Amino acid sequence: MPLPSNVAPVITEMESELKAPQRLPMEGFKKSPMGQLIQEYSSARIESQLGPMEMSITSVLSLEELTPDHIVDRGEDRNYQLPCYHLGKATMDNVCSVIAAQQLFLQQAAALIVDRKSHFIVDPGNTLIPILQGTSSLPQMYTAWKVLITRIKLGVKAWEKYIAEYQLQANVAVLSPLSTFSC
């Protein structure tokens, strides 16, 4: 039975009619600012001897525990103004390079997310690196190392979170309406 001309048809949606959100096409994502940043992250060589960024982070994270060969003990004959212990130069250089590069990528990724006002900081207040550069307490050095390793791991999780947030933000932009009404 046809509806009178003054009555609008009732639109009902069947489950089968609901459209799933469209994903940003992979090719489109690769060309997006985040896709380009991911490419840089995967291939960027940082100033360490460890290789590309991902490999550098993995290498630093593989040093779960500091061993005596990573630590320099200046001994009792040291200048009394110098702390007794510090991280060896090669390890310290690699750690500093990884942290600086990781921080830069985290800042850049967070900046691509519209509603994000802050970003993860690997070494908040620059407190851990100075301890590794020199302290008179081995327990303090070991603790700073453990905290720094945890912060680098959290930085990796933040990186992945920023990628997911960016993809969600991009997916919201390409969502199609659930239903359309056409006369």
*Once Lys and Arg get +1 and Asp and Glu get -1 on their Cβ, which of LEU112, TRP145, ILE131 lies farthest toward the positive end of the dipole of the range 26-170?*
LEU112
_Could you sort the peptides 73-80, 96-103, 136-143 by per-residue average Cβ neighbour count (10 Å cutoff), highest mean leading?_
96-103, 136-143, 73-80
*Cβ crowding within 10 Å averaged over residues, with 155-162, 126-133 ranked highest first*: 155-162, 126-133
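Every number here is computed from the coordinates shown, using simple stated rules; none is lab data. Values in this document were obtained by computation on a predicted structure and should not be read as measured data. Positions of Cβ are backbone-derived with ideal geometry, glycine not excepted, and every protein chain shown enters the neighbour counts.
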